[in-house]
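The values are calculated or read from the model by the stated rules, or taken from the named source; none is laboratory data. The model shown is predicted, which means the values in this text are computed figures rather than measured ones. Here the Cβ positions follow ideal geometry from the backbone for every residue, glycine too, while neighbour counts run over all protein chains shown. These accessible areas exclude ligands, DNA and RNA; they are computed on the full protein's heavy atoms, side chains included. Shrake-Rupley method; radii C 1.70, N 1.55, O 1.52, S 1.80 Å.
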Amino acid sequence: MTTWPNDLEVVQVRVARPTDRLDDVIAFYRDCVGLPELYRFSGHAGYDGIMLGLPDANYHLEFTTHEDGSPCPAPTQDNLLVL
């Protein structure tokens, strides 16, 4: 397949990232960047998280943290999310 099928509608794109610093991430993306908080959850299979984005947009960011800590190390010291 080289193109997206016409009969398969794209509904939403979500970029999800784990973090051990959820409060700091929220402070940056919500309070400094200004992305609205769309949804927040806690205790879902040991995960807490938040979804941030623009209302009515088909994309948003999800950040999660696990009660046992991060499930994997950061890929590099420059562990960035670039918008």
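For the chain, the strands (runs of 3 or more DSSP E) that sit wholly inside it and include 3 or more residues that are touching a residue at least 40 places away in the same chain (Cβ under 8 Å) and touching a strand residue (DSSP E or B) at 6+ places or on another chain (Cβ under 8 Å) are 13-18, 59-66. Here region 41-64 is the region considered, the condition is being of a type in the set (S, T, N, Q) and surrounded by fewer than 15 Cβ atoms within 10 Å (Cβ to Cβ), and the residue that is farthest from I26 (Cα to Cα) is N58.
Taking region 5-35 as the range and being open to solvent by 50 Å² or more (accessible area, probe 1.4 Å) and at pLDDT 90 or above as the test, the residues that pass are D23, D24, F28, R30, D31, C32, V33.
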